[in-house]
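All of the numbers you see were taken from the coordinates with simple rules; none came from a lab. Owing to the predicted nature of the structure, the values given are computational and were not obtained by experimental measurement. Note that we place each Cβ from the backbone using ideal geometry, even for glycine, and neighbour counts take in every protein chain shown.
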Amino acid sequence: MTLARGFKAQAEKLAEKAWLDLGIISGTRFDINRFAETLGARIVMADELVPHARLEEIDHIQPFSFSACTFLLTSGPVIVLNPVVGAGRRRSDAAHELAHLMLRHQMRVPERVGDYLFFTGSTDQEDEATWLGGCLLLPRAVLVQAAARGMTADLIADQYGTTPKMATFRMNTTGAARQLERFRSRKAATDSPK
């Protein structure tokens with residue numbers, strides 16, 4: 001993942017502002033739907049638009065090729081999520097799409113999966129949306145607090161509605177995982193008999 005210098009810090013600030021604007025406190029999940037509303041966007045499941053069997057067909061042709069997409073309609077953006085994937089993955093996908101909207105990315109790169117044609121952003125835009133989406137779901141400040149409480153990636157994923165993979169990624173890339181290890185080492189040192 002290649003990001004412009006300073007983008008990671010900017011993304012953390014954007015996520016922190018989003019949490020503050022929504023009045024979300026640590027220990028509470030990021031409210032994807034409320035945040036989408038602040039951006040004038042709506043979130044729907046793809047099987048409200050096409051038969052569920054077609055979505056399973058796409059997933060069979062190329063697993064994980066369709067996670068989410070955003071349509072820019074005159075009434076506002078509509079984020080379409082794939083119901084074939086798990087809830088934590090759908091939250092990550094929604095946050096990724098919301099990040100594209102926040103960053104005002106333009107989707108111009110055509111992609112084809114089987115008979116389906118769609119547009120994506122450039123690699124740089126996709127990397128930015130992935131990073132900012134992760135920040136929205138699990139800001140560094142939340143992860144540091146979780147590490148201080150000794151929470152594992154699985155517990156963080158469960159509490160904040162993400163996948164363990166996303167929690168691990170964010171723990172590792174923010175340095176919260178190192179803080180967790182230091183916390184465990186200090187606790188073990190103080191708990192051991194002398």
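Amide H contacts for Met45 (H built 1.01 Å from N in the peptide plane; partners 5 or more residues away or on another chain; cut-off under 5 Å): Leu81.
Taking the Cα atoms only, what angle lies between the long axis of helix 123-137 and the longest principal axis of the chain, rounded to 10 degrees? Value to nearest ten degrees: 50. Each principal axis of the Cα cloud of segment 17-97 was taken in turn, and the coordinate range along them, longest first, works out to 41, 33, 16 Å. Can you classify segment 1-48 as rounded, prolate or oblate using the Cα gyration tensor, where a ≥ b ≥ c are the square roots of its eigenvalues, rounded means a/c under 1.5, and otherwise it's prolate if a/b beats b/c and oblate if not? Cα axes put segment 1-48 in the oblate bin.
In the chain, a dipole from Cβ-located charges (positive for Lys and Arg, negative for Asp and Glu) runs towards its positive end, and of Leu73, Gln179, His96 it is Gln179 whose Cα lies farthest in that direction. For the pair segment 159-194 and segment 123-140, the centres of their Cα atoms are 21 angstrom apart.
Placing +1 on the Cβ of every Lys and Arg and -1 on the Cβ of every Asp and Glu, with nothing else charged, gives segment 47-90 a dipole about its Cα centre of roughly 160 debye. For segment 136-180, the Stokes-Einstein estimate of translational diffusion at 10 °C and a viscosity of 1.306 mPa s comes to 164 µm²/s, using the Kirkwood hydrodynamic radius over alpha-carbon pairs. What the phi angles of segment 42-47 give under the Karplus curve with 6.51, -1.76 and 1.60, with θ = phi - 60°, is a coupling list of 10, 10, 9, 8, 4, 6 Hz, glycine and proline written as x. The modelled label-to-label distance for the pair Ile25/Ser75, using points 7 Å beyond Cα in the direction of Cβ, is 3.6 nm.
Computed from Cα atoms, the angle from the helix 52-61 axis to the main principal axis of the chain rounds to 70 degrees.
Translational D (Stokes-Einstein, µm²/s) of the chain at 10 °C and 1.306 mPa s when Rh comes from the Kirkwood sum over C-alpha pairs? If you can, show how the numbers build up before the last one.
Details: Rh = 17.9 Å.
Here the translational diffusion coefficient equals 89 µm²/s.
Comparing Met107, Leu55, Pro164 along the charge dipole axis of the chain, the residue lying farthest to the positive side is Pro164, per the Cβ-charge model. Where only DSSP H runs of four or more residues are counted, the chain gives -17500 deg cm²/dmol as its mean residue ellipticity at 222 nm, each run worth -39500 (n - 2.57).
Can you order the peptides 170-183, 87-100 by their average number of other Cβ atoms within 10 Å per residue, highest first? Write out the running numbers ahead of the final one.
Details: 170-183: 17.2, 87-100: 22.8.
Averaged packing, sorted descending, gives the order 87-100, 170-183.
Each Lys and Arg adds +1 at its Cβ and each Asp and Glu adds -1 at its Cβ; summed about the Cα centre, the chain shows a dipole of about 1100 debye. Remark: segment 22-96 carries a charge dipole of roughly 260 debye about the Cα centre, counting +1 on each Lys and Arg Cβ and -1 on each Asp and Glu Cβ.
Once the Cα atoms are used to define both axes, helix 176-191 deviates from the longest principal axis of the chain by about 30 degrees. Structure remark: mean-square fluctuation, Gaussian network model of the chain, C-alpha springs under 10 Å; the largest value among Leu136, Leu72, Leu155 belongs to Leu72. In the chain, taking the dipole from charged Cβ atoms about the Cα centre, the farthest positive-side position among Ala148, Ala189, Gly134 is held by Ala189.
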